[in-house]
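**Student:** Sharing a structure here in structure tokens format.
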Amino acid sequence: MRRMPRLVGAVLCAALILWVYPLPAFSGGYAPDDVRALGGRVPSLSAFPGFDGVVWRVIRSYRMRSDGSVEAETSMVAMVGERVPGVLQEIRLPIPDGWSVEADPVRWYNPLTWREEGSRKSEESIEDGVKAVSIKVPSDAVGRVATIRWVQRIPSKASMGALVEFGLPIPVWEEVLSVEVPSGKELAFRSFGVDDPVKFSSQGVDRYTWSLSNLGGVVTSGIAEVRRPYVIFGTSKGSALVALRLSEMERSLLSWGAKPQAYLPKSLKGKLEALSSGPRVARYIWGVPWDVSFDSGSTGALKAALEAEGYRVRVFWQPLVDLPDDPPVAEGMWLRPVLRASRPGEGDVLFFPGQSVPFGQLPPELCGSTLWAPKDGGGLESLPVPFYTAAQSRLLVSLKGEVDPDGAFSGALEVSAWGMWHGMVGHEAGLDWLAAGALKDFRDVAHKRTSGGVVLKANVSGRIGMGSNGGMLLMVPSVYPRWLDLLVDPKGTTTPRFPFTVEQRVELGIPKGLDVVLPPVIRNSGAVSQRFSISPRKGRLSFLSILTVKPKGKSGGLSAEDLVYFARGLSEGVLLRGK
């Protein structure tokens with residue numbers, strides 16, 4: 001009888017454990033030893049605040065067989081947080097003619113018991129005529145360790161090469177690139193942010209290995225000059241061979257666009273709109289890149305449509321990274337094909353399907369890049385694309401409304417974007433990219449394209465002041481693009497990618513008779529120019545703040561202090577008192 005309380009206690013304890021850690025519906029085997037070992041080395045997810053997960057390890061292996069075929073394997077171990085990170089929700093792998101893809105089921109394990117709790121097989125699909133394998137990490141893997149693996153096999157070809165970028169939108173603890181070629185076969189490589197490889201030779205195979213560790217999540221906003229570490233490798237190199245590869249890609253592109261175009265509108269404008277708005281194949285971020293998986297049909301058809309209107313059209317290619325000297329021939333090096341069109345009496349026009357501006361305007365997506373095309377006599381021809389000026393790349397944020405005696409604001413927000421800003425916000429349907437302090441309630445958002453830019457409008461409200469004893473502490477939030485925060489690094493220096501202007505205009509109606517007790521501290525030096533005014537009689541308060549970033553290498557550059565003043569605005573408060 002004395003043992004009963006202990007037994008009851010044991011049962012209750014077991015029930016409590018099952019309640020806190022319920023048994024999964026699926027119970028398979030256990031995680032491999034190397035996965036468990038990683039769990040002991042990688043810090044917990046709490047060490048990576050702000051991210052939905054962390055990749056413990058990713059290994060990419062490229063192997064060139066003696067017959068010239070290529071096998072590319074990718075394996076990954078990831079800790080999933082409270083939700084599945086976007087980069088892991090779906091991994092799409094193209095399957096061009098002659099290729100094959102073999103994907104293991106995604107498996108996820110309990111990080112406490114290392115017991116397998118579920119798995120999901122890959123799926124095949126066809127999108128815009130391109131066959132692909134889709135690998136998805138489901139929501140069932142939340143809070144679990146997931147393993148992902150696939151192998152791509154490419155038929156025999158003259159050479160092997162690829163551009164491999166390191167880092168992901170979520171942190172990566174270990175990343176390894178391994179390239180194997182038959183002994184004696186030269187491997188050319190160029191890299192940025194990665195040390196030279198370790199070479200190991202054994203049994204007729206030369207293996208080159210690059211590795212990096214503890215990579216933070218890569219945020220590419222378009223405004224900050226962020227360069228991911230990368231390796232470009234290939235068993236052939238040189239401008240002449242790269243030009244041959246571009247010629248092959250162009251022939252493939254034009255063959256896709258050589259279909260009858262009877263369904264298209266008769267006018268050139270109608271054709272451009274129809275061919276630019278249709279579904280397009282996205283550029284795949286995983287696996288062996290396939291350079292002709294993007295916009296090929298639309299680009300080929302656009303070239304034919306422009307030529308039918310008397311344009312002389314040439315195909316250039318935008319690289320994903322700067323083309324190095326004596327470059328290796330590498331798949332995935334090219335981001336998109338670009339058409340340069342011209343006809344007598346008119347200047348050159350650069351155009352590609354899906355660009356953010358109408359035909360005839362310079363696409364912001366191309367600015368700062370150097371485009372490349374094969375020369376008729378061999379080799380490569382370059383075409384640098386300049387940035388818009390700071391005056392042309394302008395973002396105007398206008399806030400107008402009324403503040404009642406209790407500090408409640410109601411009004412309208414209007415955002416106008418030109419130049420490079422048009423390229424960044426032209427595809428944004430909402431205003432989540434704006435930092436707006438207490439003004440979080442954006443309603444009735446309208447999106448309108450203009451001849452030179454885009455305008456977004458919304459009704460907005462929020463409490464921006466505190467009224468007491470006939471006075472008020474008014475805290476007007478600074479409304480600006482969140483991307484500006486990325487321009488300040490821990491050293492206090494900034495690296496904007498292009499020159500620009502951001503202008504804030506605030507026009508508020510306030511209770512009449514209120515006047516400022518102490519004028520706010522404003523800045524009129526460096527890159528910031530500010531102006532404040534108040535009219536107690538009319539009950540009006542105005543604030544203007546302009547941030548101007550000049551081209552790199554010119555005086556008056558951006559400092560961390562400039563950004564602080566601009567981002568702060570009047571948000572720290574202006575004390576008003578009745579006369």
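**Student:** So which residues in segment 161-195 are polar (S, T, N, Q) and open to solvent by 30 Å² or more (accessible area, probe 1.4 Å)? So that I can check it myself, show each step before the final result.
**Tutor:** Let us first name the residues in segment 161-195 that are polar (S, T, N, Q), namely 178, 183, 191.
Selection gives 183, 191.
**Student:** Is there a residue being under 20 Å from the mean Cα position of the chain (by Cα), part of a strand (DSSP E or B), farther than 30 Å from residue 298 by Cβ and not assigned by the TED database to the domain that holds residue 252 anywhere in segment 87-100?
**Tutor:** Looking for residues that are under 20 Å from the mean Cα position of the chain (by Cα), part of a strand (DSSP E or B), farther than 30 Å from residue 298 by Cβ and not assigned by the TED database to the domain that holds residue 252, one finds none in segment 87-100, hence no.
**Student:** Out of (1) of a type outside the set (A, V, I, L, M); (2) open to solvent by 30 Å² or more (accessible area, probe 1.4 Å); (3) at pLDDT 90 or above, what's the single condition that is false for residue 444?
**Tutor:** So residue 444 meets the others, but not (3).
**Student:** Here is a further query. In this structure, does residue 371 turn out to be under 24 Å from residue 424 (Cα atoms) and either in the same structural domain as residue 502 (by the TED database) or at pLDDT below 95 (or both)?
**Tutor:** No; evaluated as a whole, the condition is false for this residue.
**Student:** Just to be sure, is residue 206 among the acidic types (Asp, Glu), buried (at least 17 other Cβ atoms within 10 Å of the Cβ), modelled with pLDDT of 90 or more and part of a strand (DSSP E or B)?
**Tutor:** Values: among the acidic types (Asp, Glu): yes; buried (at least 17 other Cβ atoms within 10 Å of the Cβ): yes; modelled with pLDDT of 90 or more: yes; part of a strand (DSSP E or B): yes.
Criteria met by residue 206.
**Student:** Contact list please: Cβ distance under 6 Å, first residue in segment 523-538 and among the aromatic types (Phe, Trp, Tyr), second residue crowded, with 17+ Cβ neighbours inside 10 Å and assigned to a loop (DSSP other than H, G, I, E, B), pairs at least six apart or on different chains.
**Tutor:** Cβ pairs passing all conditions: 532/520.
**Student:** To continue, here is another question. Residue 115 - would you say it is under 26 Å from the mean Cα position of the chain (by Cα) and not polar (S, T, N, Q)?
**Tutor:** Values: under 26 Å from the mean Cα position of the chain (by Cα): no; not polar (S, T, N, Q): yes.
It is false that residue 115 is under 26 Å from the mean Cα position of the chain (by Cα) and not polar (S, T, N, Q).
**Student:** Out of everything in segment 137-160 that is touching a residue at least 60 places away in the same chain (Cβ under 8 Å) and hydroxyl-bearing (Ser, Thr, Tyr), what residue ends up being surrounded by the fewest Cβ atoms within 10 Å (Cβ to Cβ)? Can you show your working first?
**Tutor:** Of the residues in segment 137-160, the ones touching a residue at least 60 places away in the same chain (Cβ under 8 Å) are 141-160.
Cutting the leftovers down to hydroxyl-bearing (Ser, Thr, Tyr) gives us 147, 156, 159.
Values: 147: 22, 156: 12, 159: 19.
Ranking the candidates gives 156 first.
**Student:** For the subset of segment 120-147 comprising residues that are more than 22 Å from the chain's Cα centre (by Cα) and under 20 Å from residue 61 (Cα atoms), which member is modelled with the lowest pLDDT?
**Tutor:** 133
**Student:** Return a yes/no flag: does segment 247-261 have any residue that is at pLDDT below 65, open to solvent by 70 Å² or more (accessible area, probe 1.4 Å), part of a helix (DSSP H, G or I) and not small (Gly, Ala, Ser). Show your work before the answer.
**Tutor:** Quick first cut of segment 247-261, residues at pLDDT below 65 only: 256-261.
Restricting the remaining residues to those that are open to solvent by 70 Å² or more (accessible area, probe 1.4 Å) gives 256, 258-260.
From what is left, the residues that are part of a helix (DSSP H, G or I) are 256.
Those left that are additionally not small (Gly, Ala, Ser): 256.
Within segment 247-261, one or more residues are at pLDDT below 65, open to solvent by 70 Å² or more (accessible area, probe 1.4 Å), part of a helix (DSSP H, G or I) and not small (Gly, Ala, Ser).
**Student:** Hey, can you tell me all the residues within segment 150-185 that are of a type in the set (Ser, Thr, Tyr) and in a strand (DSSP E or B)?
**Tutor:** Of all residues in segment 150-185, those of a type in the set (Ser, Thr, Tyr) come to 156, 159, 178, 183.
Residue satisfying the conditions is 178 alone.
**Student:** Right, another one. Restricting attention to segment 519-538, report how many residues are assigned to a loop (DSSP other than H, G, I, E, B) and either at negative phi or open to solvent by 70 Å² or more (accessible area, probe 1.4 Å) (or both). Give the steps one after another, and end with the answer.
**Tutor:** First pass over segment 519-538, keeping only residues assigned to a loop (DSSP other than H, G, I, E, B): 519-523, 526-527, 536-538.
Add one more test, that the residue is either at negative phi or open to solvent by 70 Å² or more (accessible area, probe 1.4 Å) (or both), and what stays is 519-523, 527, 536-538.
Looking only at that region, the number is 9.
**Student:** Just need a number here: residues in segment 102-136 that are farther than 19 Å from residue 73 by Cβ and open to solvent by less than 50 Å² (accessible area, probe 1.4 Å).
**Tutor:** Adding up the residues that qualify gives 10.
**Student:** Residue 235 is checked against (1) at pLDDT below 90; (2) open to solvent by 20 Å² or more (accessible area, probe 1.4 Å); (3) under 30 Å from residue 158 (Cβ atoms) and fails just one. What number does that condition carry?
**Tutor:** So the condition that residue 235 fails would be (1).
**Student:** Follow-up question, since we're still on this one. Just to be sure I understand the filter: pairs with C-beta atoms under 7 Å, separated by 6 or more residues or on different chains, first member in segment 50-65 and over 19 Å from residue 143 (Cα atoms), second member part of a loop (DSSP other than H, G, I, E, B). Which pairs pass?
**Tutor:** Correct list of pairs: 62/160; 64/160; 64/235.
Results for (1) assigned to a strand (DSSP E or B); (2) free of Cβ contacts under 8 Å to residues at least 60 places away in the same chain; (3) open to solvent by 10 Å² or more (accessible area, probe 1.4 Å), shown as yes or no for each residue.
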| site | (1), (2), (3) |
| --- | --- |
| 448 | yes, yes, yes |
| 467 | yes, no, yes |
| 475 | yes, no, yes |
| 484 | no, no, no |
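**Student:** Residues that are under 27 Å from residue 96 (Cα atoms): which strands (runs of 3 or more DSSP E) entirely in segment 110-149 hold 3 or more of them? Reasoning before the result, please.
**Tutor:** Values: elements: 116-120, 123-127, 130-136.
Filter on segment 110-149 gives 123-127, 130-136.
**Student:** I want to confirm something. Restricting to segment 30-69 and keeping residues that are of a type in the set (A, V, I, L, M) and assigned to a loop (DSSP other than H, G, I, E, B), which single residue is nearest to residue 166 (Cα to Cα)?
**Tutor:** 42
**Student:** Can I ask one more? Which members of segment 178-208 meet the condition of being under 33 Å from the mean Cα position of the chain (by Cα) and closer than 20 Å to residue 68 by Cα?
**Tutor:** 178, 179, 180, 181, 187, 188, 189, 207, 208
**Student:** Which strands (runs of 3 or more DSSP E) sit wholly inside segment 314-420 and have at least 2 residues that are surrounded by fewer than 20 Cβ atoms within 10 Å (Cβ to Cβ) and free of Cβ contacts under 8 Å to residues at least 24 places away in the same chain? Write out each step before concluding.
**Tutor:** Details: elements: 334-342, 349-351, 370-374, 380-384, 394-403, 408-418.
In segment 314-420, the matching strands (runs of 3 or more DSSP E) lie at 380-384.
The values are calculated or read from the model by the stated rules, or taken from the named source; none is laboratory data. Because the structure is predicted, anything quoted here is derived from the model rather than measured. Note: ideal-geometry Cβ built from the backbone for every residue, glycine included; neighbour counts use all protein chains shown. Ligands, DNA and RNA are stripped out before the accessible areas are found, and what is left, the full protein with its side chains, is counted by its heavy atoms. Shrake-Rupley method; radii C 1.70, N 1.55, O 1.52, S 1.80 Å.
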